[in-house]
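Chemist: Got a structure for you, questions after.
The values are calculated or read from the model by the stated rules, or taken from the named source; none is laboratory data. This structure is a prediction, so every number in the text was calculated from the model and none was measured. Here the Cβ is made from the backbone with ideal geometry for all residues, glycine too, and neighbour counts use every protein chain on show.
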Ligand SMILES: Nc1ncnc2c1ncn2[C@@H]1O[C@H](COP(=O)(O)OP(=O)(O)OP(=O)(O)O)[C@@H](O)[C@H]1O
Ligand SMILES: [Mg+2]
């Protein structure tokens, strides 16, 4: 069974002359253990897709199912709880709390949810992201790339079944970017998460199981990765 | 608490300012409550000392002691457990050095309103008085000969008693004969029957059977009708209530601004799935911590100030009342935080994360 499913999902903003069809009717499925890349030019609807998939906004039409639960039936409170349990977001903008150090960012998650990574697992994660020496640092003392890696760690810390990453490698140099993608792949396979990565960078999609391309809100599965390259 | 506390630790200046404002407000509240209390005592101490349930005055007295003139025979004690007569005179007393406004109360030495002597002796011979403690602080001593403004007669302080101020002036206690002499001269004919009031103790004031021309009122009503007493209390109490509102508003504004600044941070946390309830709880917890700190510091400052105040400043702290006011301050502060809670609930995580 698909862990994440979009059925005939469609999203329009505004109406009349200012109407924008950010997402045309789309069916989409992600299985556990799948690493999926979504590529497309700026303004094509990638973030819209990702936030709808993660239950941060409701589609104009259609249905989003996470782990068998239809999101449209849920009140915001329940949706938040579902996000906390199932979804790990890595956002385009930094999603760190400025007055918590790196370790405390994770502690906060322990306060609100059980079943997060164990100490050893977390340590491993920090090491593989190269942030294990930054645990006591506050976000203001981190570089853009470090922040991004901490954000990834934060998304993975809750053991989500779905990882949604919006340009997770945008502020990283290409070595780090490859490494992060490799890591996301490892985690996807190891933890059997469904991982969806939105990216501009077509060099990073080699390792992905599926690649979707969005143009003007229309999402299409690329049969062969090499078609895009 | 986790979020609340870490934020405070990381924004010390900002939160020190918030606490500072709360300290000032709560200091003012505590000080005013001390002042209100002190002024109250200044007015009523001597009456409270009677531990009486009521007082009988004439109908025409307007509830004022000096305007109530009646005779010892006007009341026979029916319906009360205990009763005694009280006569009074107000005067300016001087020991040659110092002058003071005083009330002279004539009391029966065997009655329940006879004060305990804390220093010296009780009055025995004509012209002897027991004086309130505060006169001692003002430089009056046992053995002092007091001249009065209204008569050539003199009085002698033979003892002191504590907590005996009435309507903002210290009280001198003496017997009826002495007071008669002061009022009518040494050669006044026989015993005067004129007194100002009967002080009574009873379980039920309604059972007291008094003459038509008299009225029976409870002690509290009597006190409330002391000149200026209620007005003064009301003014100070009103100021305190205003301060409660001010502290709620100030804190509400502060927290609201802080919350607005943190919208994107809250949005990000909400995107991750952290509930509004948790975030709101953290703001409330933060408010609680801030107001608790502010109130405790304010309390400490007020108490310390109280220790160094000269005796002439009528500030008397009632710690239970201060505790209640402190709790009210904390509660209204937390109520002020609820505006921010509403803001947090309304934050759309999508707007906050951009993208
Ligand atoms: N809240 C909104 N109101 C109106 N239009 C919106 C809103 N959000 C997005 N859009 C529009 O929908 C389209 C898709 O936006 P989206 O943010 O999904 O693009 P994107 O592919 O993520 O772009 P980028 O690569 O620059 O992040 C854009 O034309 C955008 O202007
Ligand atoms: Mg985007």
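Chemist: Do we find a residue being under 30 Å from residue A:47 (Cβ atoms), part of a helix (DSSP H, G or I) and away from chain A (no Cβ under 14 Å) anywhere in the stretch B:260-272?
Modeler: Within the stretch B:260-272, one or more residues are under 30 Å from residue A:47 (Cβ atoms), part of a helix (DSSP H, G or I) and away from chain A (no Cβ under 14 Å).
Chemist: Regarding the stretch A:52-74, can at least one residue be identified that is modelled with pLDDT under 95, within 15 Å of the chain's Cα centre (by Cα) and within 7 Å of another protein chain (Cβ to nearest Cβ)?
Modeler: yes
Chemist: Residue by residue through the stretch A:130-156, note down the ones that are within 16 Å of ligand 2 (Cβ to nearest atom) and facing chain B (nearest Cβ under 10 Å).
Modeler: If the condition is that a residue be within 16 Å of ligand 2 (Cβ to nearest atom) and facing chain B (nearest Cβ under 10 Å), then A:151 is the only one that fits.
Chemist: Would you mind finding the one in A:107, A:127, A:148 that is part of a helix (DSSP H, G or I) and within 16 Å of ligand 1 (Cβ to nearest atom)? Let's see the steps before the verdict.
Modeler: On the way: A:107 fails: within 16 Å of ligand 1 (Cβ to nearest atom); A:127 fails: within 16 Å of ligand 1 (Cβ to nearest atom).
When all the criteria are applied, what remains is A:148.
Chemist: What number of residues within the stretch A:67-94 are assigned to a strand (DSSP E or B) and either surrounded by fewer than 17 Cβ atoms within 10 Å (Cβ to Cβ) or within 16 Å of ligand 1 (Cβ to nearest atom) (or both)?
Modeler: 4
Chemist: If I go through the stretch A:1-40 residue by residue, how many of them are over 28 Å from residue A:189 (Cα atoms), within 13 Å of ligand 1 (Cβ to nearest atom) and in contact with a strand residue (DSSP E or B) (Cβ under 7 Å, 6 or more places away or on another chain)?
Modeler: Here the count works out to 11.
Residue by residue, here is whether (1) within 14 Å of another protein chain (Cβ to nearest Cβ); (2) touching a residue at least 24 places away in the same chain (Cβ under 8 Å) holds:
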| residue | (1), (2) |
| --- | --- |
| B:285 | yes, yes |
| B:308 | no, no |
| B:312 | no, no |
| B:324 | no, no |
| B:333 | no, yes |
| B:342 | no, no |
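Chemist: From A:88, A:45, A:40, which residue is within 13 Å of chain B (Cβ to nearest Cβ), more than 12 Å from the chain's Cα centre (by Cα) and touching a residue at least 60 places away in the same chain (Cβ under 8 Å)? First the steps, then the outcome.
Modeler: Working: A:88 fails: more than 12 Å from the chain's Cα centre (by Cα); A:40 fails: within 13 Å of chain B (Cβ to nearest Cβ).
Result of the check over A:88, A:45, A:40: A:45.
Chemist: Residues of the stretch A:38-66 being within 14 Å of ligand 2 (Cβ to nearest atom) and not in a loop (DSSP other than H, G, I, E, B), which ones? Steps first, answer last, please.
Modeler: At the first step, the residues of the stretch A:38-66 found to be within 14 Å of ligand 2 (Cβ to nearest atom) are A:38-54, A:56-57.
Scanning the stretch A:38-66 gives A:38, A:39, A:46, A:47, A:48, A:49, A:50, A:51, A:52, A:53.
Chemist: For the structure I just gave you, tell me whether residue A:122 is part of a helix (DSSP H, G or I), at pLDDT 90 or above, away from ligand 2 (no atom under 16 Å from the Cβ) and facing chain B (nearest Cβ under 8 Å). Please lay out each step first, then the result.
Modeler: Numbers: part of a helix (DSSP H, G or I): yes; at pLDDT 90 or above: yes; away from ligand 2 (no atom under 16 Å from the Cβ): yes; facing chain B (nearest Cβ under 8 Å): no.
Taking the combined requirement at face value, the residue does not satisfy it.
Chemist: Collect the residues in the stretch A:157-177 that are closer than 15 Å to residue A:108 by Cα and within 12 Å of chain B (Cβ to nearest Cβ), keeping them in residue-number order.
Modeler: We begin by selecting, within the stretch A:157-177, every residue closer than 15 Å to residue A:108 by Cα; these are A:157-159.
Those that are closer than 15 Å to residue A:108 by Cα and within 12 Å of chain B (Cβ to nearest Cβ): A:157, A:158.
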